[in-house]
Amino acid sequence: MKREILIAIAVATLAQPAMAEKPAWAGNGKPSEAQKEQHRSAMEAKESSENDYEKIKDKSKEKSKKIKDETKAKNDQKKGTEKQKAMKAEQVQKELGKGSETGQESREGRKKWWKFWGAEES
């Protein structure tokens with residue numbers, strides 16, 4: 001008996017929302033063609049503004065990456081030329097003791113071409 005009363009209460013509680021009246025705003029049907037077109041144009045405008053924002057964002061990222069790459073390349077090039085200058089300055093002229101006497105004299109007095117600008121005489 002208790003079981004039947006509990007089942008009846010549960011059914012009454014669960015069935016009540018199903019028996020409720022529909023609200024006035026619900027079930028007005030499908031939207032008209034004008035409403036569909038208006039919605040479509042609003043969504044296209046929203047997408048185009050989002051796409052414009054993304055394009056601008058991508059361009060700024062590309063520009064900053066390009067600038068970063070250029071500065072890195074310049075720094076690497078400077079390091080390379082400095083290394084090369086240091087190596088060339090340390091090199092010894094190999095043909096100093098070879099050839100005729102006049103050739104040897106001219107080579108001894110000659111400046112190295114890489115020490116021509118801004119380097120001290122040795």
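In this structure, does Glu4 turn out to be of a type in the set (Asp, Glu) and part of a loop (DSSP other than H, G, I, E, B)? No: the conditions fail for Glu4. Taking the condition outside any helix (DSSP H, G or I) and either of a type in the set (S, T, N, Q) or at pLDDT 80 or above (or both), does Asn28 pass? Considered against the rule, which asks whether it is outside any helix (DSSP H, G or I) and either of a type in the set (S, T, N, Q) or at pLDDT 80 or above (or both), Asn28 comes out as yes. Would you be able to tell me the number of residues in segment 57-68 that are of a type in the set (Asp, Glu) and modelled with pLDDT of 85 or more? Count: 1.
The values are calculated or read from the model by the stated rules, or taken from the named source; none is laboratory data. Bear in mind the structure is a predicted one, so any value in this text is a computation, not a measurement.
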